[in-house]
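First up is the structure itself, then whatever we jot down about it.
Just so it is clear, none of the values below were taken in a lab; they were calculated from the coordinates. Being a predicted model, the structure only gives us computed values, none of them experimental. Don't worry about glycine lacking a Cβ; one is built from the backbone with ideal geometry, like all the others, and counts go over all protein chains shown.
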Amino acid sequence: MKNVFLLILLNLVIIQVAHTQNNIPSNEQQASITALINRYSEARENRDTALLKNILTADIDQLVSSGEWRTGIGAALEGMQKSSAGNPGTRTLTVNSTRMINATTAIVDCRYEIENTNHTTRKMWSSFIVVADNNVWKITAIRNMLPAGQ
């Protein structure tokens, strides 16, 4: 009986180890995901809707720091354009961490700063959910947050 129990326990451990995910991106994944975030930042800076359409999924959803939800690519693009026009300045996104959920999905946390035209800087956080669609990384969700007290 003891041997059967040990055999079952060993099998459970092996199954758990075999299915444990590596949540650290490979160098290639990290480079591709960082390039995606850079392209997003560039598209926002240049108000490039064509580029945004290429790097966002059709069902994207976005929660912005004002609390507004944008669901779908149309609402996201419209909101991004209004936001860029209403909040002029230089936008900078810096990838802080990337955590793989599986081989085709990751959470990317970034520092998000907008240097306003009056030279003040709005400091926020952004989290992106990115997915690989036919081996091309795209953004499927964005969450922008203001740190407490700002």
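List of remarks:
- Converting phi to 3J(HN,Hα) with the Karplus coefficients 6.51, -1.76 and 1.60 and the offset θ = phi - 60°, region 52-64 yields 4, 4, 7, 10, 10, 6, 4, 9, 3, 10, 9, 10, 9 Hz in sequence order, with x at every glycine or proline.
- Approximating the spin labels as points 7 Å out from Cα along Cα→Cβ, the Leu63-to-Gln30 distance works out to 2.8 nm.
- Additional length obtainable on full extension of the chain from Trp125 to Asn102, 0.36 nm per residue less Cα span: 6.0 nm
- A simple spin-label model places the labels of Ala85 and Glu113 2.8 nm from each other, with each point 7 Å out along Cα-to-Cβ.
- Percent of C-alpha pairs per 5 Å bin, region 103-150, short to long: 5, 19, 20, 18, 14, 10, 8, 4, 1
- Separation of the Thr94 and Asn22 label points, Cα + 7 Å toward Cβ, nm: 2.8
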